[in-house]
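Written out below as structure tokens is the structure these notes cover.
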């Protein structure tokens, strides 16, 4: 049993749940997971995506310059999985990278690899597997619903 478990009932009894809920909702510090922080992050992300679409939709030069980032963004599952595997290989289980140079090399390597993959193969490998699985499951449900 963990170190804090024996005193947990007393801690729970002394807590003020309503205050915790209000604090969680109103707190907007760095990554607390509160509602306001989530709304703010989502709003900022939507704004950035909207501005990027506005700029790239009107300027072909910018679109070409951002093509490597678009390639990376078109295969997030593959890129993220490769990222996790790379950290595991480099730092070992439970390890982490603390060097900015290592993060920069990894980021640039992922951008390059995704760009090359997108040029020659299109959709990322894990995205392809996911799409095929979804189509197969959808086809299976269609046959079940039409048979009934």
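Since every read-out is calculated from the coordinates, none of them should be taken as a lab result. Keep in mind that this is a model prediction, so the values were computed, not measured. With ideal geometry, Cβ positions are generated from the backbone for all residues, glycine too; neighbour counts draw on all protein chains shown.
Data table
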{"item": "GNM result for the chain, Cα springs below 10 Å: residue of 129, 22, 111 fluctuating most strongly", "result": "22"}
{"item": "Length released on extending from residue 55 to residue 108, taking residue separation times 0.36 nm less the Cα-Cα span", "result": "16.8 nm"}
{"item": "Shape call, region 66-148: gyration tensor on alpha carbons, a/c limit 1.5", "result": "oblate"}
{"item": "Rg/Rg_ref, the chain, where Rg_ref = 2.2 N^0.38 Å and atoms are Cα", "result": "1.54"}
{"item": "Cα long-axis angle, helix 35-58 against the chain (0 to 90 degrees, to the nearest 10)", "result": "10 degrees"}
{"item": "Residue of 109, 42, 73 that the Gaussian network model of the chain assigns the largest fluctuation, springs spanning Cα pairs under 10 Å", "result": "42"}
{"item": "Per-pair calculated FRET efficiency, R0 = 35 Å: residue 41 and residue 15 via Cβ, rounded to 0.05", "result": "0.80"}
{"item": "The chain: most fluctuating residue of 70, 82, 91 per GNM, C-alpha cutoff 10 Å", "result": "91"}
